[in-house]
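For reference, the structure is listed below as structure tokens.
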Amino acid sequence: MSLEKSLSRRNFLSFSALTAASALAGCASTSAPSVQPVGFRFPRPFETTPAPTDAELDVIYGPIEDGGFLIPAVPYQQIDPRYYRQQVIDPTGERPGTIVVDTPSRFLYLVQPGGTAMRYGVGIGREGFAWSGNGVIQWKQKWPRWKPPNEMVARQPELAKYSIERGGMEPGLLNPLGARALYIFSNGEDTLYRLHGNPEWRSIGKAVSSGCVRLLNQDIIDLYDRVPNKTPIVVWQ
């Protein structure tokens, strides 16, 4: 397939090193604007609708050609089924059109009309880097460049080649931001935190990044297509 960009062993080793770096560095600095924490709560009993079938999951997490890249299929059988993308009874009590990140449970909800929500499994920031509060999706980008903040480069000099001054890391399958990025602002300021794609499916359901909320590439593409700019977002701690 002409568009397929298969990962060679050399690329795999580069990816492994980059994954380790992003696990420590993530996509936010510790100097992000402070926000008022939002307490974790469930106004309604937690309920689910019927889980997707294997045939549906084969489609949901199958390979995708997008932007000149072939996103590999996700071995979803190796992921906890609770983190599969699925429609559920909305437990958040937020208005339709709101994104809710349930940090403790590793879920992201997009609240829908009629008392339901689309739920996605996520990886979240490690202790000490987590962010919570109210904001908006100020803008969105397909296949974004990754530009680690200067504070992050200072902590990890090996990331200097991807610095803001050097234009960041090229988009692609190895880019820590994956296929899409949604940029979170609060009170008119960039929080430096993102909802973004993820080339490493093993991180879903875990706290491994430095603050950003990561989804499977297939899931961030689905979310990206569902939400406009200025979508409200609430992150629970």
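The values are calculated or read from the model by the stated rules, or taken from the named source; none is laboratory data. This is a predicted model, so every value here is computed, not measured. For neighbour counting, all protein chains shown are included, and Cβ atoms are generated from backbone atoms with ideal geometry for every residue, glycine included.
Please work out which one of (1) part of a strand (DSSP E or B); (2) crowded, with 21+ Cβ neighbours inside 10 Å; (3) not basic (K, R) is the condition Q87 fails and give its number.
The single condition Q87 does not satisfy is (2).
Quick one: what pairs do we get from segment 58-71, first residue under 16 Å from L215 (Cα atoms) and among the aromatic types (F, W, Y), second modelled with pLDDT of 95 or more and assigned to a helix (DSSP H, G or I), C-beta under 6 Å, 6+ apart or different chains?
Pairs that qualify, where the first residue is under 16 Å from L215 (Cα atoms) and among the aromatic types (F, W, Y) and the partner is modelled with pLDDT of 95 or more and assigned to a helix (DSSP H, G or I), are Y61/Y76; Y61/Q218.
Answer yes if at least one residue in segment 186-194 is in contact with a strand residue (DSSP E or B) (Cβ under 7 Å, 6 or more places away or on another chain) and of a type in the set (A, V, I, L, M), and no otherwise.
no
Go over the candidates A55, A51, A73, A23 one by one and state the one that is surrounded by fewer than 16 Cβ atoms within 10 Å (Cβ to Cβ), in a helix (DSSP H, G or I) and either under 20 Å from the mean Cα position of the chain (by Cα) or at pLDDT 50 or above (or both).
Details: A51 fails: in a helix (DSSP H, G or I); A73 fails: in a helix (DSSP H, G or I); A23 fails: surrounded by fewer than 16 Cβ atoms within 10 Å (Cβ to Cβ).
After applying the criteria, what remains is A55.
Only one residue in R145, R126 is in contact with a Ser or Thr (Cβ under 7 Å, 6 or more places away or on another chain) and of a type in the set (K, R). Which one?
Working: R145 fails: in contact with a Ser or Thr (Cβ under 7 Å, 6 or more places away or on another chain).
Only one candidate qualifies: R126.
Using the structure shown, decide if G197 is small (G, A, S), within 13 Å of the chain's Cα centre (by Cα) and at positive phi. Don't jump to the end; show me each part of the working.
Details: small (G, A, S): yes; within 13 Å of the chain's Cα centre (by Cα): yes; at positive phi: no.
No; evaluated as a whole, the condition is false for this residue.
Collect the residues in segment 119-143 that are part of a strand (DSSP E or B), out of contact with any Phe, Trp or Tyr (no Cβ under 7 Å at 6 or more places or on another chain) and over 14 Å from I233 (Cβ atoms), keeping them in residue-number order.
G123, Q141, K142
Identify, by number, the condition in (1) in a loop (DSSP other than H, G, I, E, B); (2) buried (at least 20 other Cβ atoms within 10 Å of the Cβ) that I233 doesn't meet.
For I233, the failing item is (1).
Where in segment 154-214 are there strands (runs of 3 or more DSSP E), lying fully within it, with 2 or more residues that are surrounded by 15 or more Cβ atoms within 10 Å (Cβ to Cβ) and touching a helix residue (DSSP H, G or I) at 6+ places or on another chain (Cβ under 6 Å)? Working first, answer last.
Details: elements: 180-186, 189-196, 207-209.
So the answer is none; nothing clears 2.
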